[in-house]
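To keep things clear, I will list the structure first and then write my remarks on it.
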Number of protein chains: 2
Amino acid sequence: MRKLKMTLAYDGTEYCGWQIQPDQITVQGTLQAILTEIDGAPVIAHGSGRTDAGVHALGQVASFKLGNPMPAENVPRAMNHLLPDSIRVLHVEEEAPDFHASWSAVSKTYEYRIWREEICPPFLSRYVYPHPYPLNEDSMRQAAPLFEGTHDFCSLVGAGGDEKQTTVRTIFSSQLRRDGDCLIYRVCGDGFLYRMVRNIVGTLLDVGRGNLKPDDISHLLKSNQRSEAGATAPARGLFLLEVEY
Amino acid sequence: MRKLKMTLAYDGTEYCGWQIQPDQITVQGTLQAILTEIDGAPVIAHGSGRTDAGVHALGQVASFKLGNPMPAENVPRAMNHLLPDSIRVLHVEEEAPDFHASWSAVSKTYEYRIWREEICPPFLSRYVYPHPYPLNEDSMRQAAPLFEGTHDFCSLVGAGGDEKQTTVRTIFSSQLRRDGDCLIYRVCGDGFLYRMVRNIVGTLLDVGRGNLKPDDISHLLKSNQRSEAGATAPARGLFLLEVEY
């Protein structure tokens, strides 16, 4: 059977995250049901990683085996016809048999959007975290790159994570910028622990509030204590932008 | 009691339209419940007009009497604190006692957004009508201004409308343009009949498909027959942009 690579976007608001679970509507479960319908036999779609409930994707990647001989370029149309509007398959291509969306990934890029004005337009409220309260954005901008490099991120892993292996990860780029009424945090790394991006954002928010200084970041990365980091930022501001191979 | 004028935006997706109805979640019902909570006595909010289920607003206007002496500029914050994220009060100001959001309105502007690319991003699917099929957009652009002027629009009123009075309306401006992947129809008039904007859009889509010629518009406006016009376009592409006084 051939191996296909699928790139997809989704609005995570109404899904219990990526990973298939009994009696829950999930992105993986929804995709697999439709691939199984197309193929006439059970299909498993491996994602590049899980996204939590409410987290969105502009460029999630999944790999799957397909028996159906339909040309790869016809798969998006066939799937989008059957999928709800909240999930769109953007692209499908043939891959080598050993390609795996998770194991083959070299890096992932996430973006977190914080709305800074008092009134958040109703059309954005599913896609940003409204935070109209005072923040020292200069301190946050200074603190953001301090997460770059290879660190043990165990102080930034969320409770409930299934991390039996190393918590060392490499962050290639970690930057905060203003874009109109939004504060945008973008991070690219070789992998992320459970809730790590939302915990980094929570920590940056603590820097913005003056509860942490930018210099406290290196202490935090050495502390290995979850309690040193900020609270987990809400899911709705987070987007998986891209997975690189 | 003083009279206040409120400007608000809402995502109409999950509301059964503007108008309060028993056992239904409506925009008017939601606003009135919160105004009543703030005032401690029943408050009625008169809208500039009804919007249908699924129709959005960037600048709906409502008028209401308030006993509570709180300064007008504090009302948006008090209301937004209690309202769901899908409704935001943008502005509240004092008005003359005889001001009425519907009767005092001079004109209204609506916009309808048609998504023209094959794949509609999940984050836009609640706010556009995806129509990736061939359309002669030049013919549609030519046809759009033919609705301008004072006409009897009875051929464009939706079934189920409560139109006991005149069906004559004046359209000041009716224009179609391309904006990136969207085809945008904007119309400004002194008033609109039930489903009239969506029926104009349906008629323009019929022009785009070649089922009607631009010249057929004047015939249609004289025919006074609903069956001559196109089907009602879906609610989700429609926005009430502004009400002028």
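Rule-based calculations on the coordinates, nothing more; no lab input. Only a predicted model underlies this, so the values are computations on that prediction, with no experimental measurement involved. A quick note on method: Cβ atoms are made from the backbone with ideal geometry, for glycine too, and the neighbour counts reach across all protein chains shown.
Compute the signed sum of charges (Lys and Arg +1, Asp and Glu -1) over the other residues within less than 15 Å, Cβ to Cβ, of B:Glu94.
0
So what are the three principal axis dimensions of the protein assembly as shown from its Cα atoms, in whole Å, longest to shortest?
Its Cα atoms span 74, 64, 38 Å along the three principal axes.
Using 1/(1 + (r/R0)^6) with R0 = 45 angstrom and r between the beta carbons of A:Ser227 and B:Asn136, what's the FRET efficiency to the nearest 0.05?
Details: r = 64 Å, r/R0 = 1.42.
Step by step, r from the Cβ atoms, then E = 0.10.
Most fluctuating residue of A:Leu204, A:Leu176, A:Leu135 in a GNM of chain A with Cα springs under 10 Å: which is it?
A:Leu135
Where the centre of each part is set by its Cα atoms, how far does segment B:1-50 sit from segment A:1-46, in angstrom?
Each part's Cα centre sits 40 Å from the other's.
What is the extension gain from B:Gln165 to B:His91, computed as 0.36 nm multiplied by their sequence separation minus the C-alpha to C-alpha distance, in nm to one decimal?
Values: separation 74, 0.36 × 74 = 26.64 nm, distance 3.23 nm.
Contour length minus Cα-Cα distance gives 23.4 nm.
Inside 10 Å of the C-beta atoms of A:122-135, what's the mean count of C-beta atoms belonging to other chains? Spell out each step's value before the answer.
Numbers: counts 15, 13, 3, 6, 5, 1, 0, 0, 1, 0, 0, 0, 0, 0.
The per-residue average across the peptide is 3.
Take the Cα radius of gyration of segment B:2-95 and divide it by 2.2 N^0.38 Å, with N its residue count; two decimals is plenty.
Normalised Cα radius of gyration, segment B:2-95: 0.98.
Once you charge only the Cβ atoms, +1 for Lys and Arg and -1 for Asp and Glu, what is the size of the charge dipole of chain B about its Cα centre, to the nearest 20 debye? Before the final figure, lay out the partial values.
On the way: 24 positive and 30 negative charges, 39 e Å.
Its charge dipole is roughly 180 debye.
Determine the sum of side-chain charges near B:Thr109: Lys and Arg each +1, Asp and Glu each -1, restricted to other residues whose C-beta is under 13 angstrom from that of B:Thr109.
Net of charged neighbours comes to -2.
Can you order the peptides A:94-100, A:32-38 by their average number of other Cβ atoms within 10 Å per residue, highest first?
So the peptides A:94-100, A:32-38, ranked by packing, come out A:32-38, A:94-100.
Can you check what the net charge comes to around A:Phe172, using other residues whose Cβ is under 15 Å from the Cβ of A:Phe172 (Lys, Arg +1; Asp, Glu -1)?
Result for the local shell: -2.
Give the distance, in whole Å, between the Cα centre of segment A:136-213 and the Cα centre of segment A:68-92.
34
What spacing in nm lies between the two simple spin-label points modelled at A:Asp98 and B:Thr150, each 7 Å away from Cα in the Cβ direction?
The modelled label-to-label distance comes out at 8.0 nm.
Could you work out the relative contact order of segment A:107-244, using alpha carbon pairs under 8 angstrom and six or more residues apart, expressed as a whole percent?
38 percent.
Distances from B:Asp138 to the same position in the other copies: list them in nm, one decimal, shortest first, using label points 7 Å from Cα along Cα→Cβ.
5.7
To the nearest 20 Debye, how big is the dipole of segment B:107-244 about its Cα centre, given +1 on the beta carbon of each Lys and Arg and -1 on that of each Asp and Glu?
For segment B:107-244, the charge dipole is close to 220 debye.
Classify segment A:180-245 as rounded, prolate or oblate from the Cα gyration tensor: take a ≥ b ≥ c as the square roots of its eigenvalues, call it rounded if a/c is under 1.5, otherwise prolate when a/b beats b/c and oblate if not. If you can, show how the numbers build up before the last one.
Values: a/c = 1.91, a/b = 1.29, b/c = 1.48.
Because a/c hits 1.5 or more and a/b fails to exceed b/c, segment A:180-245 counts as oblate.
Can you tell me the relative contact order of chain A? Whole percent, Cα pairs under 8 Å, sequence separation 6 or more. Walk me through the intermediate numbers first.
On the way: 548 pairs, mean separation 58.3, N = 245.
Across chain A, relative contact order equals 24 percent.
Leaving out same-chain residues fewer than 8 places away, which lysines sit with a Cα under 26 Å from that of A:Lys108?
A:Lys3, A:Lys5, A:Lys65, A:Lys164, A:Lys222
Please report the orientation-averaged projected area of chain B, defined via the convex hull of its C-alpha atoms, in nm². Before the final figure, lay out the partial values.
Working: hull surface 54.5 nm².
Across all orientations, chain B yields a mean hull projection of 13.6 nm².
Give the nm distances, rounded to one decimal, from B:Ser223 to the matching residue in every other copy, measuring between label points 7 Å along Cα toward the beta carbon; shortest first.
Copy-to-copy label distances for B:Ser223: 7.3 nm.
Rank-order A:214-221, A:60-67, A:111-118, A:17-24 by packing density, defined as the average count of other C-beta atoms within 10 Å over each peptide's residues, highest first. Can you show the working numbers first?
Values: A:214-221: 17.1, A:60-67: 21.2, A:111-118: 19.4, A:17-24: 14.2.
Ranking, from highest mean packing down: A:60-67, A:111-118, A:214-221, A:17-24.
Explain nothing, just the number: dipole magnitude of segment A:2-95 about its Cα centre with +1 on each Lys and Arg Cβ and -1 on each Asp and Glu Cβ, in debye rounded to the nearest 20.
For segment A:2-95, the charge dipole is close to 240 debye.
Between B:Asp215 and A:Glu73, what is the label-point separation in nm under the 7 Å Cα-to-beta-carbon projection?
4.1
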